[in-house]
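Just below is one structure, and these are the notes that go with it.
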Amino acid sequence: MKNYKQLFSLEGKTALITGGTSGLGHAIAEAFLQAGANVIVCSRNIKGADDLKKYADSLGMKFLAVSCDITNSQDVDHMIDEIGKSFDRVDILVNSAGINILVKAEDYDEETFNKVLDINVKGTHFVTKAIGRRFMIPQQYGKIVNLSSVKGTLGASENYLGYCTSKGAVNMYTKQIACEWGKYNITANAIAPTFVRTNISARQLDDKDFYNSLVDRIPLGRIGSLEDIACGAMYLCSDAASFVTGQILHIDGGMTSRQ
């Protein structure tokens, strides 16, 4: 009889999570540690990794925090070398690092546009390429999850030009990597949440009118939680999802199902 419980386990796996010191990335790192995975997080500021290090130690799991600017390919290569000193393989990559700059389309200048695309799209590629070449392709195994958004398929009234554009690109990037790397037994999927309370989204969600308008559009009547997203990542990175690739998993309470 098949051991279905084991299929959902991450025991013995090693995961790299970009943007893993805060927000969604931090929640996913915590969940992966609980599920039995060794965890590596990268961020430009790794001070936020202190609590994860203590938690990993309490569970007896290996943990590494590496400072990295994912928009700089040389910095990414340096990070990969640092990872290689402590780990023989990386089984899972979660590209969680991202940014949004709220500016109206008519005021969206080149510098702002480049910054959003560089982090959300180019950075995702630099890390994926490096991890793929160094670890996943040679070991003929890998699970990649990119953090997208419902705004990769749905527009907003204003202020989201760069973000919507970048997340739409992340969706197609995910599908293309799934097509090209399937032959290496590597899956690539994306998670597309609606609003989840993080330090980045708190200001908007604290606006009562904005919050009420948002929740009114979500059939389940609430915004997402960190746990909702972490559980989706756990599934996609487990062997239970071994035949799932090139998919965009909307964890949105039904928002994208509603006209």
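The values are calculated or read from the model by the stated rules, or taken from the named source; none is laboratory data. Bear in mind that the values here come from a model prediction, so they are computed numbers and not experimental data. With ideal geometry, Cβ positions are generated from the backbone for all residues, glycine too; neighbour counts draw on all protein chains shown. Ligands, DNA and RNA are stripped out before the accessible areas are found, and what is left, the full protein with its side chains, is counted by its heavy atoms. Shrake-Rupley method; radii C 1.70, N 1.55, O 1.52, S 1.80 Å.
Within the chain, Cys164, Cys179, Cys231, Cys237 have no other Cys Cβ under 4.7 Å of their Cβ and so lack a disulfide-compatible partner by this rule. Applied to segment 22-29, the Karplus parametrisation 6.51 cos²θ - 1.76 cosθ + 1.60 on θ = phi - 60° returns per-residue 3J(HN,Hα) values of 7, x, 4, x, 5, 5, 5, 4 Hz, with x for Gly and Pro. Put the Cα centre of segment 192-253 next to the Cα centre of segment 1-43 and the gap is 18 Å. What's the angle, to the nearest 10 degrees (0 to 90), between helix 226-236's Cα axis and the longest principal axis of the chain? Helix 226-236 sits at roughly 50 degrees to that axis. Taking a spot 7 Å from the Cα of Gln139 along the direction of its beta carbon, which residues of segment 53-85 have an amide N less than 15 Å from it? Backbone N within reach: 62-64, 80-85. With helices as the sole contributors, the chain gives -11500 deg cm²/dmol at 222 nm; each DSSP H run of n ≥ 4 counts as -39500 (n - 2.57), and the sum is divided by every residue. Each residue of segment 149-159 is assigned a 3J(HN,Hα), and the resulting list reads 6, 4, 6, x, 10, 10, x, 10, 5, 6, 6 Hz, derived from the Karplus form 6.51 cos²θ - 1.76 cosθ + 1.60 (θ = phi - 60°), x at Gly and Pro.
State whether segment 96-237 is rounded, prolate or oblate according to the following rule on the C-alpha gyration tensor (a ≥ b ≥ c being the square roots of its eigenvalues): a/c under 1.5 gives rounded; otherwise a/b larger than b/c gives prolate, and the remaining case gives oblate.
Working: a/c = 2.52, a/b = 1.51, b/c = 1.67.
The shape class here is oblate.
The residues Tyr173, Tyr4, sorted by heavy-atom accessible surface at 1.4 Å with ligands and nucleic acids left out, run Tyr4, Tyr173 from largest to smallest. What's the carbon and sulfur percent of segment 29-90's accessible surface, probe 1.4 angstrom, rounded to a whole number? The computed percentage sits at 42.
At the residue level, Ser86 shows approximately 60 square angstrom of accessible surface with a 1.4 angstrom probe and all protein chains present. In summary, segment 1-86 shows an alpha-carbon radius of gyration equal to 1.14 times the 2.2 N^0.38 Å reference for compact globular proteins. Of the chymotrypsin sites (Phe, Trp or Tyr not before Pro) found in segment 176-259, those that fall in a DSSP loop while having at most 12 other beta-carbon atoms within 10 Å are Phe243.
On a per residue basis, segment 115-155 carries 36 Å² of accessible surface, using protein heavy atoms and a 1.4 Å probe. Near the amide H of Val41, within less than 5 Å, lie the amide hydrogens of Ile17, Leu64, Ala65, Val66, all on another chain or at least 5 residues away, with H placed in the peptide plane.
Here segment 108-259 has 51 percent of its accessible surface on carbon and sulfur atoms, given a 1.4 Å probe and all protein chains in place. Take every Cα pair under 8 Å whose residues are at least 6 apart in sequence, average their separation, divide by the length of the chain, and the relative contact order is 20 percent.
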